[in-house]
Each structure stands twice: as structure tokens, then as C-alpha cells.
Amino acid sequence: MRKGRVVAASLLVLAVTTGCKTITITPNGGPPPTAPSASAPGRAEAFPGQTADKAAPGRTRASKAPRRAAKPVLAAGSRGQRVRELQARLAQLSLFRRKPTGFYGKQTAASVSAFQRQRGLRRTGTLDHATWRALYSRTHPPTRSEMYPRVKKTAKKTPKKPVTRRDRRCMTGRVLCVSKRSNSLAWMVNGKVRSAMDVRFGAQYTPTREGTFRVTFKSRRHVSSIYHTPMPYAMFFSGGQAIHYSADFAAHGYQGASHGCVNVRNRNKIAALFQEVKPGDKVVIYK
């Protein structure tokens, strides 16, 4: 028995010194009973680098990249159905007072900016996500009639002046051709109209004379010696009657009348005509 213990001890010493795998031999010659090895927990600890590497990717994926600024949903220059819906929703809040057009222009941008100011949002004039959510929650889906309202044609067309044939006396030479029927004056040279303008005439008891006349003289800053009123760019053709600019005609139109002169209300046109007309040029006034 004592001899067996000595042999076992010798074998143990030999294994340690030669570097072989250690096998514990029990006194009865069999392997030791299975027991939790003290080195078992150490298996996880034996590769600390691998453990850290496996955890690192998980932490990387968990971290989110910083959010970029949200792109505008709609902005100036946008077109289409979504713009039309935006305009209709703004109209529900009385912020867009025109009919939806489907084009994001200055008026739409101003309306969006007004809504942003009401809601305490950043006033950019562009429809970003925050503005759209706020607008969406405060309006109802627009109906088709709200997005495509009918255009009512209420404006009446300006009646055209009656077309009259030029008097044959106006077809030759240099002529100031004045029609009482169409309330117009045409400056004509050899049958071609050089310029035309609106005119008015004398009242019932001070009528403008009709016929063929000649320009007797011109007065750029004339003042009436009878009525003491200005008669700029006056071109006299029959006694005290003249073709001239009238500030009253320019201000009140056909509500008034002259004392027999031919009034012109466009100052620029009469000024240009005054430069072209010469004494001796013909004046024809007819109905």
C-alpha cells in the first residue's frame, strides 16, 4: 500500500515537470469523480477581447444618427393637387382669400406664413411637416367645390364704341378728324391714322360747331379770357373754339361738357399732337 502511494506521487511529479496534461489518479487507480471545475467560469474570462467585440456592435447599432432638417413638404414654385388642397384648407381658416389655383406663389407663401405666426411656428412661408400637421388637425378635407370653385362671370364687358366710317373729307391731307358719334378724334395724314384719342363736346346751349375748318393758331399755355380756365395745348379752329386738354374731362369723364371746345383727357396724347399739328391743317367735325 505504501509502495503504491510512492509510485503515484512519482508519476504526478513527472507529469508536471514534462508539461503534459495533468491527470489526477486516485489512490484506487481511477479518475477522480466529476465535479464543477474551477476553471469553467474562466472560459468566458479567457477571451475578454472577443466578449467586448461582440458587445460593441450592439451598442453601435443602438445609437441613432442625428436627424437631418425636415425637407419642406411644399414650397414656392410647387404645383399640383397638393397645393390646391393646401390653399383650400387655408381658405377654410380665412387665410387664403382667392380661389385655389394649384400654384404655390407669393400669396400662398404669405398665407402659410400667417398660419405659422398664429400657431407659434417658425415663419418660413414653406409648408414643412410641423406646419402641415397643425393645419391638417384644424381643417377638414376640402370638397371638390372648395378645390375647384366655379368662376362666375359677373364682370360686364366694356361696350365697344360704335364703328363709324371716316368722313370722306378726312381722307386727304393733314386732318384733325373729329366724330361726335364715337366721341373720338383721329389725327390723319393722307388717309392713315397717326393717333387717336377720346374727346367730349359742348353742352346743349354751347354746342361745338360742325363743319370743315382750319387751325388758325396754337397756344400751349392758354387761359380762357371769358371763363378764366386753363386751356393747355389749345389749337383754335373757329373763333374761340379750340381743341385742348381738359383736366375736368380727365377727372369726371362724360359727366360734364365744354363751352363749345373739343376737350381731350389724355394729356400725353394731346401734347404729342400739339407738336405735330401746324396752323393751316384741316379740322373736320361731323356726326
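Can you say whether Ala247 is open to solvent by less than 70 Å² (accessible area, probe 1.4 Å), over 17 Å from Met171 (Cα atoms) and modelled with pLDDT under 95, as far as the supplied structure shows? So Ala247 fits the description; yes.
The set of residues in the stretch 86-112 being surrounded by fewer than 20 Cβ atoms within 10 Å (Cβ to Cβ) and under 19 Å from Arg133 (Cα atoms) consists of Gln92, Leu93, Ser94, Leu95, Ala109, Ala110.
Once the stretch 235-244 is narrowed to residues that are surrounded by 22 or more Cβ atoms within 10 Å (Cβ to Cβ) and of a type outside the set (Phe, Trp, Tyr), the residue that is farthest from the chain's Cα centre (by Cα) is Gln241. Taking (1) farther than 10 Å from Val199 by Cβ; (2) under 42 Å from the mean Cα position of the chain (by Cα) in turn, Val264 satisfies each apart from (1). The set of residues from the stretch 197-221 being open to solvent by 50 Å² or more (accessible area, probe 1.4 Å) and not acidic (Asp, Glu) comprises Gln204, Tyr205, Pro207, Arg209, Thr212, Arg214, Thr216, Phe217, Lys218, Arg220, Arg221. If the condition is being open to solvent by less than 50 Å² (accessible area, probe 1.4 Å) and closer than 20 Å to Val189 by Cα, then the stretch 263-279 contributes Val264, Ile270, Ala271, Leu273, Phe274, Val277. Within the stretch 149-170, restricting attention to residues that are surrounded by 12 or more Cβ atoms within 10 Å (Cβ to Cβ) and not basic (Lys, Arg), the residue that is modelled with the lowest pLDDT is Thr164. Scanning the stretch 123-148 for residues that are open to solvent by 40 Å² or more (accessible area, probe 1.4 Å) and closer than 17 Å to Arg98 by Cα yields a count of 5. Among residues of the stretch 72-85 that are of a type in the set (S, T, N, Q), those with a beta-carbon under 6 Å from a residue that is surrounded by 15 or more Cβ atoms within 10 Å (Cβ to Cβ) at least six positions away or on a different chain give the pairs Ser78/Tyr104.
Within the stretch 185-206, the set of residues being under 21 Å from His252 (Cβ atoms) and modelled with pLDDT of 95 or more comprises Leu185, Met197, Asp198, Val199, Arg200, Phe201.
Regarding Ser113, is this residue of a type in the set (S, T, N, Q), modelled with pLDDT under 95 and out of contact with any Lys or Arg (no Cβ under 6 Å at 6 or more places or on another chain)? When the stated conditions are applied, Ser113 does not pass them. So is Val175 modelled with pLDDT of 95 or more and either open to solvent by 80 Å² or more (accessible area, probe 1.4 Å) or out of contact with any Leu (no Cβ under 8 Å at 6 or more places or on another chain) (or both) or not? Against the criterion (modelled with pLDDT of 95 or more and either open to solvent by 80 Å² or more (accessible area, probe 1.4 Å) or out of contact with any Leu (no Cβ under 8 Å at 6 or more places or on another chain) (or both)), Val175 qualifies.
Among the conditions (1) surrounded by 11 or more Cβ atoms within 10 Å (Cβ to Cβ); (2) in contact (Cβ under 8 Å) with a residue 40 or more places away in the chain, the only one that Arg117 does not satisfy is (2).
The values are calculated or read from the model by the stated rules, or taken from the named source; none is laboratory data. Everything numeric here is computed off the predicted structure, so don't read it as measured data. Note that each Cβ is placed from the backbone with ideal geometry, even for glycine, and that neighbours are counted across all protein chains shown. In case anyone asks, the SASA skips ligands and DNA or RNA and just uses the protein heavy atoms, side chains included. Shrake-Rupley method; radii C 1.70, N 1.55, O 1.52, S 1.80 Å.
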